[in-house]
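The structure under discussion appears below in the form of structure tokens.
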Amino acid sequence: MTDVMYKQIADDLRRRIASGQLAPGDDVPSEGELAERWSTSRGPVRNALAALRGEGLIETGRGRPARVVERKAHQAVDVSIPFTKWAKEIGTVPGAETQEVSLRRPDPAQAEIFGIDPSQLVVHVLRLRSLDGRPTMLERLTFTEEVGRHLFEVDLNTVSITEFLDSRGYGYTDIDHEIDAKAANALDARLLEIEEGSPVLRLRRVTRDNDGRVFEVSDDRYRSDIVRFTVSASGRSRRGTHYVRPIAF
């Protein structure tokens with residue numbers, strides 16, 4: 001009965017938050033008020049508030065009431081899902097504003113990852129992604145020339161690059177993700193509409209085709225006040241190494 005009660009309280013608060021009845025910045029009713037309203041003890045109330053806190057819907061602090069926070073969009077990084085599809089799944093409208101599509105020489109690190117000579121050309125894409133019109137992520141995508149040349153055929157503001165390339169026979173078979181935090185540079189700040197030096201979440205990706213050849217290297221920078229990354233995994237990769245590892249000592 002206690003489990004049922006805390007779930008009912010949590011569901012009711014979720015509905016009130018989703019409807020805007022409890023808006024970001026509003027205080028959540030106190031434990032005493034909720035206990036009285038639901039004719040229960042404070043135990044189920046505390047469990048309900050803990051559940052909402054774990055979901056990132058509210059924040060609590062010593063000596064002050066729980067408060068509704070602006071919810072961040074969750075982006076799972078243990079799987080790969082196109083930004084457009086992810087945005088629709090979380091109930092938002094995705095947007096894209098392409099800043100650049102160009103042929104250029106790779107930098108030394110990219111050339112090494114691709115396994116190509118630095119004199120060869122690659123295709124670079126700089127694209128701003130948004131959720132409900134709000135600048136959310138700036139993606140820097142670099143493709144081998146063979147793959148990237150297909151991107152000149154289409155309006156990149158209107159398609160999912162992942163799905164478009166898949167339709168051209170370049171499926172995203174094996175993907176490595178690496179996450180870190182970075183200070184926004186001048187370009188990040190201008191396009192994401194944040195202060196220069198603000199923390200952004202960086203997701204770097206290396207993508208391989210069915211034959212194990214790398215055809216994409218990307219650097220996606222997300223506004224940390226809008227997106228958080230989540231991981232659901234066994235704790236070990238296919239090769240037996242830990243997912244969580246130290247960066248440097």
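Remark: pairs (first residue in the stretch 14-42, within 13 Å of E70 (Cβ to Cβ); second residue in a helix (DSSP H, G or I); Cβ separation under 9 Å; 6+ apart in sequence or on different chains) = I17/L52; L22/L13; L22/R16; A23/I17; P24/I17; D26/I17. With respect to E163, is the statement that it is of a type outside the set (K, R) and modelled with pLDDT under 95 true? Against the criterion (of a type outside the set (K, R) and modelled with pLDDT under 95), E163 qualifies.
In the condition set (1) of a type in the set (S, T, Y); (2) part of a strand (DSSP E or B); (3) in contact (Cβ under 8 Å) with a residue 24 or more places away in the chain, T92 is compliant with all but (2).
Based on this model, can you work out whether Q120 counts as at pLDDT 95 or above, assigned to a strand (DSSP E or B) and open to solvent by 70 Å² or more (accessible area, probe 1.4 Å)? Spelling it out, it is not the case that Q120 is at pLDDT 95 or above, assigned to a strand (DSSP E or B) and open to solvent by 70 Å² or more (accessible area, probe 1.4 Å). For the stretch 143-173, the set of residues classified as polar (S, T, N, Q), in contact (Cβ under 8 Å) with a residue 40 or more places away in the chain and open to solvent by 60 Å² or more (accessible area, probe 1.4 Å) consists of N157, T158, listed by residue number.
Please verify whether R127 is open to solvent by less than 60 Å² (accessible area, probe 1.4 Å), of a type in the set (K, R) and closer than 20 Å to P94 by Cα, treating the condition exactly as stated. Steps first, answer last, please.
Details: open to solvent by less than 60 Å² (accessible area, probe 1.4 Å): yes; of a type in the set (K, R): yes; closer than 20 Å to P94 by Cα: yes.
So R127 passes the test.
Restricting attention to the stretch 1-27, the residues that are surrounded by 12 or more Cβ atoms within 10 Å (Cβ to Cβ), over 27 Å from the mean Cα position of the chain (by Cα) and not in a helix (DSSP H, G or I) add up to 1. Restricting R140, R213, R204 to residues that are in contact with an Asp or Glu (Cβ under 9 Å, 6 or more places away or on another chain), open to solvent by 80 Å² or more (accessible area, probe 1.4 Å) and under 23 Å from P106 (Cβ atoms) narrows the list to R204. Each residue in the stretch 111-142 was checked for being over 19 Å from V200 (Cβ atoms) and without any contact (Cβ under 8 Å) to a residue 40 or more places away in the chain, and 11 of them qualify. If you go through the stretch 56-97 and keep only what is open to solvent by 50 Å² or more (accessible area, probe 1.4 Å) and modelled with pLDDT of 75 or more, you end up with E59, T60, R64, P65, R67, K85, K88, E89, I90, G91, V93, E97.
Listed by position, the helices (runs of 4 or more DSSP H) contained in the stretch 124-205 that have at least 2 residues being touching a strand residue (DSSP E or B) at 6+ places or on another chain (Cβ under 7 Å) are 145-148, 186-192.
The values are calculated or read from the model by the stated rules, or taken from the named source; none is laboratory data. Computed from a prediction, not measured in an experiment: that's the story for all the values here. So basically every Cβ, Gly included, is an ideal-geometry build from the backbone, and we count neighbours across all protein chains shown. Surface areas here come from the heavy atoms of the whole protein model, side chains and all, with no ligands, DNA or RNA. Shrake-Rupley method; radii C 1.70, N 1.55, O 1.52, S 1.80 Å.
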